[in-house]
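Right, one structure below, let's go through it.
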Amino acid sequence: DAGITQSPRHKVTETGTPVTLRCHQTENHRYMYWYRQDPGHGLRLIHYSYGVKDTDKGEVSDGYSVSRSKTEDFLLTLESATSSQTSVYFCATRALTGHGYTFGSGTRLTVV
Amino acid sequence: DQQVKQNSPSLSVQEGRISILNCDYTNSMFDYFLWYKKYPAEGPTFLISISSIKDKNEDGRFTVFLNKSAKHLSLHIVPSQPGDSAVYFCAASVTTDSWGKLQFGAGTQVVVTP
């Protein structure tokens, strides 16, 4: 069973609609991150969190919000989806010590 | 402006030969570097890392070299195998950043041919 589960795995939504992506971890890691992957850009940080209700913005946070009401869950919300938010979204966690991330399998989001 | 750059979007190499992937960075505060490997429809997985106090780290077929003066690191895969066909991301961090944020390069697609 995966330590990090992202849901849904695939989603198609219409422009202007709100969308929420979920990341659930069983690692008990304090740090959680949301990245988006786009061709030519690699992985870019959207938002990150140190713990419950402790979040901050990354380099591409416009149009996104996050919430973390439980250690194990980190939600990413696209407030009003746009075509430029079509991307693959990855959630990652990090232990308190160490530098590396553990990634989820990703959510492929298409905004039409 | 990307602080971590992988200027080769793709690399094709024959099975058994060496694969060399390159990565450049601009932020002199970066002091920890990682390589991740990604297969289609999966999340990236950690491959190997290096601290700025070292210039080389080896793990089996994978070796990472760091040249701090040139702000350059490279990943060597010897010998290359078909299962190495994947996208490889270079990442960098500042260890004094308590948030542990990683900056990623754009990735290099490696194809290992028989």
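Rule-based calculations on the coordinates, nothing more; no lab input. Since we're looking at a predicted model, the values are computed, not measured. A quick note on method: Cβ atoms are made from the backbone with ideal geometry, for glycine too, and the neighbour counts reach across all protein chains shown.
Cβ neighbours within 10 Å, averaged per peptide: list B:57-69, A:18-30 in order, most packed at the top. Don't skip to the answer; put the middle values down first.
Numbers: B:57-69: 14.2, A:18-30: 16.8.
Descending packing order for the listed peptides: A:18-30, B:57-69.
Run through all the Cα pairs of the protein assembly as shown and give the fraction in each 10 Å bin from 0, expressed as whole percent.
Taking all Cα pairs of the protein assembly as shown, the binned fractions are 8, 33, 35, 20, 4, 0 percent.
Given the pairs B:Lys37/B:Lys71; A:Lys57/B:Lys38; A:Lys11/B:Lys68, which are separated by over 31 angstrom at their Cα positions? Provide the component values of the computation, followed by the final result.
Working: B:Lys37/B:Lys71 21 Å; A:Lys57/B:Lys38 25 Å; A:Lys11/B:Lys68 42 Å.
Distance filter (> 31 Å) returns A:Lys11/B:Lys68.
Per-residue mean of other chain beta-carbon atoms within 10 angstrom of the beta-carbon, peptide A:26-39?
Values: counts 0, 0, 0, 0, 1, 4, 0, 4, 0, 4, 0, 8, 1, 3.
The shielding value for this peptide is 2.
Treating only the Cβ atoms of Lys and Arg (+1) and Asp and Glu (-1) as charged, compute the dipole magnitude of region A:1-63 about its Cα centre; round to the nearest 20 debye. Walk me through the numbers before you get to the answer.
On the way: 8 positive and 8 negative charges, 19 e Å.
My answer is approximately 100 debye.
Limiting things to C-alpha atoms, what are the Rg and the maximum Cα-Cα separation (Dmax) for chain A, in angstroms?
13.1, 41
Please report, in Å, the Rg and the Dmax of chain B, where both are computed over Cα atoms only.
Considering chain B through its Cα atoms, Rg and Dmax are 13.6, 44 Å.
Size of the dipole of region A:4-111 about the Cα centre, Lys and Arg at +1 and Asp and Glu at -1 on the beta carbon, nothing else charged, in debye to 20?
Numbers: 12 positive and 10 negative charges, 43 e Å.
I would put it at about 200 debye.
Taking a virtual spin label 7 Å from the Cα of A:His41 along the C-beta vector, which residues in region A:52-68 bring their backbone nitrogen under 20 Å of it?
Flagged as within label range: A:56-67.
Around B:Val112, under 14 Å between beta carbons, what's the net of Lys plus Arg minus Asp minus Glu among the other residues?
Working: positive: B:Arg17, B:Lys37, B:Arg61; negative: B:Glu15, B:Asp84.
My count for the surroundings of B:Val112 gives +1.
In peptide A:42-54, what is the residue-averaged number of other protein chain Cβ atoms found within 10 Å of each Cβ?
Details: counts 15, 11, 4, 5, 0, 0, 3, 1, 3, 0, 0, 0, 0.
Average per residue, whole number: 3.
Magnitude of the Cβ-charge dipole of the protein assembly as shown, K/R +1 and D/E -1, about the Cα centre, nearest 20 debye? Write down the numbers at each step before the final one.
Numbers: 22 positive and 21 negative charges, 16 e Å.
The calculated dipole for the protein assembly as shown is roughly 80 debye.
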